[in-house]
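Report on the structure given below.
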């Protein structure tokens with residue numbers, strides 16, 4: 001493959017060319033209720049060429065590798081048609097590297113029938129848990145992707161990217177009240193990460209049933225404690241996207257709001273994006289441009305100190321490379337994306353956060369949300385009231401709303417118990433590229449004067 005790719009990009013007449021080829025094999029099993037909804041496997045192979053000329057990009061995607069020179073020529077011609085300005089493209093080291101997958105139990109060697117049988121067992125646990133369980137969904141997916149990247153600068157990287165994940169959801173009904181519970185898991189190290197999920201399947205069903213009798217939270221302003229998953233989601237959705245530099249340099253309003261050196265929170269607030277984190281959902285050795293992934297501080301001790309870059313945005317903004325140009329697959333060029341984004345550990349244990357709260361809300365997990373500029377709305381999977389320093393009764397319909405910058409300043413306690421979100425299906429969406437695998441997490445976090453929606 002190496003010789004084939006370098007031969008294809010040889011002799012180009014533009015400023016830069018790279019070519020990325022991918023080979024993807026995946027299998028899936030999906031149960032909905034008592035029915036096997038979908039099962040199968042597929043294989044896809046293809047690639048994309050990028051060419052850069054006078055600030056203009058040309059692209060060509062393909063499935064047939066028999067005439068790569070033709071694809072390179074088409075990308076170069078397109079770049080010349082659109083290029084008429086100045087090229088911004090930060091230099092990076094030339095890399096030659098090979099990254100092989102390390103699997104404890106190779107899911108490619110597990111028969112599809114065995115995967116079906118295991119998912120069916122989890123599904124039966126949900127459906128048989130309680131008479132009020134109305135339906136279920138059990139989704140299993142695995143993939144093994146081989147990637148080859150060659151550039152006109154001399155970089156050549158080959159990488160194996162395994163992934164396996166599971167989602168178990170339960171829906172319970174009591175009259176007009178419908179509630180859901182879910183659990184997710186998986187990993188990049190093998191099939192064993194989705195085995196032994198029986199207890200989690202029962203937990204998903206249990207939570208759906210319990211939420212039927214839980215009252216909606218009363219709307220108002222509360223002291224809120226977020227669990228580790230909710231902390232991670234807040235960090236990713238409300239702040240991480242604002243740190244993606246393509247969003248900043250194209251938006252004068254965000255340039256004003258996201259000025260480096262500006263204080264965003266308390267002294268101990270550290271927000272990090274780290275594509276080199278071992279085992280992270282968004283971890284790779286290199287990004288889709290061949291730039292080494294690394295640990296990047298976005299906020300350090302409450303001060304905005306960095307943002308995420310591709311080679312183009314780093315050059316345009318005169319800032320260091322971060323290794324955050326990522327592409328979902330070969331149909332797409334790389335754009336600025338998060339990897340593993342989290343709030344780092346503080347020093348306050350959960351029981352210390354709780355003890356001073358007379359009336360508050362403990363928000364757990366997340367089932368949805370949206371952001372618009374600096375405004376956010378997140379729906380927790382469920383919550384608990386906090387009364388007199390203790391976690392009390394279960395509540396539902398817990399929605400957090402606010403301005404991200406005000407909220408960051410209202411964080412007054414950061415836990416010492418960082419956890420990462422379990423590896424379930426799904427991921428981040430941007431620019432039509434969804435779902436890109438990303439990691440998110442954090443410790444428990446206490447927020448003052450947080451608006452919580454619910455019944456008035």
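The values are calculated or read from the model by the stated rules, or taken from the named source; none is laboratory data. Worth saying up front: this structure is predicted, and the values here are computed from it rather than measured. Cβ coordinates were reconstructed from backbone atoms using ideal geometry, including for glycine residues, and neighbour counts include every protein chain displayed.
Yes/no matrix, rows are residues, columns are (1) closer than 30 Å to residue 135 by Cα; (2) touching a helix residue (DSSP H, G or I) at 6+ places or on another chain (Cβ under 6 Å); (3) part of a helix (DSSP H, G or I):
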site: 6; (1), (2), (3): no, no, yes
site: 20; (1), (2), (3): no, no, no
site: 24; (1), (2), (3): no, no, no
site: 31; (1), (2), (3): yes, yes, no
site: 50; (1), (2), (3): no, no, no
site: 58; (1), (2), (3): no, yes, no
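Quick check on residue 68: is it in the same structural domain as residue 146 (by TED's automatic domain parsing), touching a helix residue (DSSP H, G or I) at 6+ places or on another chain (Cβ under 9 Å), in contact (Cβ under 8 Å) with a residue 12 or more places away in the chain and farther than 30 Å from residue 126 by Cα?
The answer is yes for residue 68.
Out of the residues in region 122-133 that are touching a helix residue (DSSP H, G or I) at 6+ places or on another chain (Cβ under 6 Å) and not in a strand (DSSP E or B), which is surrounded by the fewest Cβ atoms within 10 Å (Cβ to Cβ)?
The selected residue is 130.
This table checks each residue for (1) under 28 Å from residue 113 (Cβ atoms); (2) over 30 Å from the mean Cα position of the chain (by Cα); (3) surrounded by fewer than 20 Cβ atoms within 10 Å (Cβ to Cβ); (4) assigned by TED's automatic domain parsing to the domain that holds residue 190.
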site: 6; (1), (2), (3), (4): no, yes, yes, yes
site: 9; (1), (2), (3), (4): no, yes, no, yes
site: 13; (1), (2), (3), (4): no, yes, yes, yes
site: 28; (1), (2), (3), (4): yes, no, yes, yes
site: 39; (1), (2), (3), (4): yes, no, yes, yes
site: 50; (1), (2), (3), (4): no, no, no, yes
site: 92; (1), (2), (3), (4): no, no, yes, yes
site: 98; (1), (2), (3), (4): no, no, yes, yes
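Which of the residues belonging to region 390-439 are in contact (Cβ under 8 Å) with a residue 40 or more places away in the chain, under 21 Å from residue 352 (Cβ atoms) and out of contact with any strand residue (DSSP E or B) (no Cβ under 7 Å at 6 or more places or on another chain)?
Within region 390-439, 408, 409, 417 meet the criteria.
Looking at region 303-341, which of its residues are without any contact (Cβ under 8 Å) to a residue 40 or more places away in the chain and either touching a helix residue (DSSP H, G or I) at 6+ places or on another chain (Cβ under 8 Å) or closer than 19 Å to residue 432 by Cα (or both)?
Narrowing region 303-341 to residues without any contact (Cβ under 8 Å) to a residue 40 or more places away in the chain: 318, 320, 325.
Selection gives 320, 325.
Quick grid of which residues meet (1) touching a residue at least 24 places away in the same chain (Cβ under 8 Å); (2) assigned by TED's automatic domain parsing to the domain that holds residue 334; (3) in contact with a helix residue (DSSP H, G or I) (Cβ under 8 Å, 6 or more places away or on another chain):
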{"site": "167", "(1), (2), (3)": "yes, no, no"}
{"site": "172", "(1), (2), (3)": "yes, no, yes"}
{"site": "180", "(1), (2), (3)": "yes, no, yes"}
{"site": "189", "(1), (2), (3)": "yes, no, no"}
{"site": "206", "(1), (2), (3)": "yes, no, no"}
{"site": "226", "(1), (2), (3)": "yes, yes, yes"}
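Of everything in region 156-179, what is more than 21 Å from the chain's Cα centre (by Cα) and either surrounded by 18 or more Cβ atoms within 10 Å (Cβ to Cβ) or within 19 Å of residue 144 (Cα to Cα) (or both)? Give them in sequence order.
Selection gives 156, 157, 158, 170, 171, 172, 179.
Suppose we filter region 254-301 for residues that are part of a loop (DSSP other than H, G, I, E, B) and touching a strand residue (DSSP E or B) at 6+ places or on another chain (Cβ under 8 Å); how many remain?
Qualifying residue count for the region: 28.
Output the residues belonging to region 395-424 that are surrounded by fewer than 17 Cβ atoms within 10 Å (Cβ to Cβ), out of contact with any helix residue (DSSP H, G or I) (no Cβ under 6 Å at 6 or more places or on another chain) and within 30 Å of residue 193 (Cα to Cα).
416, 417
Which residue is nearest to residue 429 (Cα to Cα), if the candidates are limited to region 353-369 and must be modelled with pLDDT under 95 and in contact with a helix residue (DSSP H, G or I) (Cβ under 8 Å, 6 or more places away or on another chain)?
Filtering first and then ranking leaves 369.
Do we have residue 331 as under 27 Å from residue 386 (Cβ atoms) and surrounded by fewer than 24 Cβ atoms within 10 Å (Cβ to Cβ) here?
The answer is no for residue 331.
Out of 431, 439, 389, I need the residue that is in the same structural domain as residue 343 (by TED's automatic domain parsing), surrounded by fewer than 18 Cβ atoms within 10 Å (Cβ to Cβ) and modelled with pLDDT under 95. Which one?
Step by step, each of 431, 439, 389 is checked, and only 431 is in the same structural domain as residue 343 (by TED's automatic domain parsing), surrounded by fewer than 18 Cβ atoms within 10 Å (Cβ to Cβ) and modelled with pLDDT under 95.
Need a quick list: helices (runs of 4 or more DSSP H) entirely within region 134-250 having at least 3 residues that are touching a strand residue (DSSP E or B) at 6+ places or on another chain (Cβ under 8 Å) and within 30 Å of residue 448 (Cα to Cα).
By residue number, 198-212, 228-234.
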